[in-house]
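Everything on this sheet refers to the single structure shown next.
Any read-out appearing in this document is the output of simple, stated calculations on the displayed coordinates, not a laboratory observation. Given the structure is predicted, the values throughout are model-derived calculations rather than measurements. Glycine gets a Cβ as well: all are built from the backbone with ideal geometry, and neighbour counts include every protein chain shown.
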Amino acid sequence: MSRCKVNLKSIIFLVILQGAAVVLFCDWYAQLSPQNNKVHVLLLSSWRSGSSFLGQVFSQHPSVFYLMEPAWHVWSKMKKTGAPAHRMAVRDLLQSVFQCDFSVMEAYLPDQHNVSSLFMWSHSRALCSPPACPLTPQNEFSNNIQCHKACKGTSLQGVEEACGTYSHVVLKEVRFFELESLYPLLQDPNLDLRIIHLVRDPRAVMRSREESASSFVMDNAVVLDQRNVPAGEVQYQVLQEICRSHVRINEKAILKPPPFLKGRYKMVRYEDLVHNPLGEIFSMYEFVGLEMTRQMEDWIYN
């Protein structure tokens with residue numbers, strides 16, 4: 001009889017122990033997994049590489065909150081220094097914005113600010129649609145010119161509230177020159193970050209940059225770390241830095257990726273995107289967990 005009592009107690013103890021183990025495992029797993037269901041996407045590219053078109057491919061999707069180049073604010077505020085000095089500030093800004101926290105932007109905006117203070121804000125369909133602005137129904141495509149006129153009074157709090165209603169937060173950036181700066185974001189349990197790296201033939205990039213050289217003066221100085229470079233050499237040396245950064249990023253992600261990067265990086269060639277837009281975009285949507293809609297297919301071809 002005593003043997004049965006011992007066995008019963010042992011069974012009860014094992015059940016309790018197993019339950020405790022399950023609770024501890026769930027708690028540990030929750031710390032490793034994103035704390036919400038949002039997917040965070042970084043469109044990583046460089047100037048004149050087709051990134052604005054790629055941004056719209058995501059911006060016009062009804063499940064996406066999109067913002068174009070928030071790091072522009074950091075570079076504009078700290079334009080007397082070089083790109084390496086901006087890394088932590090840009091990374092921290094992206095980390096907050098991915099979580100729909102726009103309070104970090106206030107350090108880079110004028111005292112009296114609203115959505116119109118954000119760089120190229122009207123190119124975000126989400127900021128032209130409810131709840132941010134009643135102009136564009138969520139199942140329709142936005143027009144940035146109309147949006148700029150009708151939606152410029154939205155507060156940053158309104159921007160945050162709009163951001164919180166979407167399943168995907170997508171940021172487009174051209175101001176990252178190494179992958180290591182993004183490691184803290186990839187390891188952040190509150191983020192489910194995917195990186196789409198868009199590259200383009202540098203010969204086409206150079207031709208496009210030459211056509212609008214004056215618009216890159218500030219960025220060129222930052223890229224070149226404020227070095228004194230002969231005017232005729234500036235575009236060439238900037239493109240050298242850009243090409244080197246693309247190679248470094250791709251090698252780091254493909255050849256010896258850290259465990260937390262595996263399955264979260266995808267490189268896309270602009271030339272492939274132009275040649276087979278629907279196939280490439282479908283592949284990118286699949287990579288980040290977005291569905292291709294009939295409306296998006298029509299928009300891509302038009």
Please compute the length gained on full extension between Ser96 and Tyr301, using 0.36 nm multiplied by the number of residues separating them and subtracting their Cα-Cα distance.
70.4 nm
So how much slack lies between Ser208 and Leu17, counting 0.36 nm per residue of separation and subtracting their Cα-Cα distance, in nm?
62.2 nm
Taking 8 Å as the Cα distance limit and 6 or more residues as the minimum spacing, I'd like the relative contact order of region 44-301 as a percentage.
27 percent
Amide H neighbours of His197 under 5 Å, at least 5 residues apart or on other chains, H built in the peptide plane: list them.
Leu44, Lys266, Met267, Val268
Pull out the extension gain between Lys149 and Ile254, defined as 0.36 nm times the separation in residues minus the alpha carbon to alpha carbon distance; nm, one decimal.
33.4 nm
Normalised by the residues of region 43-150, what does the relative contact order come to in percent, with Cα pairs under 8 Å and at least six apart?
27 percent
On Cα atoms only, tilt of 202-211 relative to the major axis of the chain in degrees
50 degrees
Could you go through region 295-300 in sequence order and give the Karplus-derived ³J(HN,Hα) for each residue, using 6.51 cos²θ - 1.76 cosθ + 1.60 with θ = phi - 60°, rounded to whole Hz, and x for Gly and Pro?
4, 5, 4, 4, 5, 4
Tell me what the chain gives for mean residue ellipticity at 222 nm when only DSSP H runs of n ≥ 4 count, each as -39,500 (n - 2.57), the sum divided by the residue total, rounded to 500 deg cm²/dmol.
-14000 deg cm²/dmol
Who wins for biggest fluctuation among Pro259, Pro131, Pro84 in a Gaussian network model of the chain, springs between alpha carbons below 10 Å?
Pro259
Computed from the mean reciprocal separation of all distinct C-alpha pairs, what Kirkwood hydrodynamic radius does region 44-301 have, in Å?
19.1 Å
In whole Hz, with x marking every Gly and Pro, tabulate ³J(HN,Hα) for region 46-57 from phi via Karplus 6.51 cos²θ - 1.76 cosθ + 1.60, θ = phi - 60°.
9, 4, 6, 10, x, 6, 5, 5, 4, x, 5, 4
Note down the nm distance, to one decimal, between modelled labels 7 Å out along Cα→Cβ at Arg269 and at Glu291.
3.3 nm
For the residues Ser212, Ser49, what sequence is obtained by ranking on other C-beta atoms within 10 Å, fewest first?
Ser212, Ser49
